[in-house]
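Here the structure comes first, spelled out in structure tokens, and everything after it is commentary.
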Amino acid sequence: MDYTAALDRAQDELPDSEGTEGSRLSIPDPAGETDGAFTRLTNVGEIADALDRETEHLHRHIQRAFGTSGQFDGERARYNGSFDVADFEAAIDGYVAEFVTCSECGLPDTLLTREDGIEMLRCQACGAFRPVEKNTTQTVASAEDAIEEGETYDLEIVGTGRKGDGVAERGSYTIFVPGAQEGQVVRAIIESTSGNLAFAKLV
């Protein structure tokens, strides 16, 4: 067997790496329906399948992110309040950063497990692991951690949303900052909030 044929055979036997991260995180756009005082997410199961996570787990996170109550009937989720596609996208971005993406290698090759009562995210690509369960018993944020629309804050960017926005955390809030990069400390003004999601702009 000549060198070219051997090389071709070796390449054929290699695992397909084309589009590894992108294809695994090809997340469907959220499909929402407003019905009076409620907003439905009709494809929550499809989104959870794309993330390889339990649908009810994703639903609970979105509910917490919106700071509202809701219902899940096994196929569709409903949330009290009026929310648009951007709100759902931000909540899903927060979920991906917290419960899917490895904080060490940035890949989505992770398993969500419960160990000694604590949710753990274990990366199958690099072996890293971390707890992911936030403290949900603290219902009142301290004045130091509170944020207000129109106010400016120094924020540490600790992650990246699926659309490339920088993600910061302050108290119970997950804050999205377009144009910011993971690892930076930036100054940003809060433009709007929805539940415990916030949207900021660099200043």
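Read-outs throughout are calculated quantities, based only on the coordinates presented, and are distinct from any laboratory measurement. Just so it is clear, the model here is predicted, and its values are computed rather than measured. Please note: Cβ atoms are built from the backbone with ideal geometry, for glycine as well, and neighbour counts cover all protein chains shown.
Quick notes on this structure:
- Separation of the residue 38 and residue 68 label points, Cα + 7 Å toward Cβ, nm: 1.2
- Globularity index of region 25-131 is 1.10 (Cα radius of gyration / 2.2 N^0.38 Å, N = number of residues).
- The 3J(HN,Hα) values that the Karplus relation (6.51, -1.76, 1.60; θ = phi - 60°) gives for region 99-106 are, in residue order, 10, 10, 7, 5, 6, 8, 9, x Hz. Gly and Pro appear as x.
- 201, 163 arranged by Cβ crowding within 10 Å, fewest neighbours leading: 163, 201
- Here's how it looks for residue 43: its modeled amide H is under 5 Å from those of 31, which are all 5 or more places away or on a different chain.
- Here the spin labels are modelled as points 7 Å beyond Cα on the Cα-Cβ line, and at residue 184 and residue 113 they lie 3.7 nm apart.
- Model label points for residue 75 and residue 193, set 7 angstrom from Cα along the Cα-to-Cβ axis, are 3.7 nm apart.
- Sequence-distant residues sharing a close amide H with residue 159 (under 5 Å, placed H): 167, 183
- Order of 47, 92, 118 - criterion: other Cβ atoms within 10 Å of each residue's Cβ, fewest first: 118, 47, 92
- Cβ-derived FRET efficiency at R0 25 Å, residue 146 paired with residue 29, nearest 0.05: 0.20
- For region 191-196, backbone phi angles converted through the Karplus equation (6.51, -1.76, 1.60; θ = phi - 60°) give residue-by-residue couplings of 8, 7, 9, 8, x, 9 Hz, Gly and Pro being listed as x.
- Backbone HN-Hα couplings from phi across region 71-77 [Karplus 6.51/-1.76/1.60, Hz, Gly and Pro as x]: 9, 10, 9, x, 10, 10, 10
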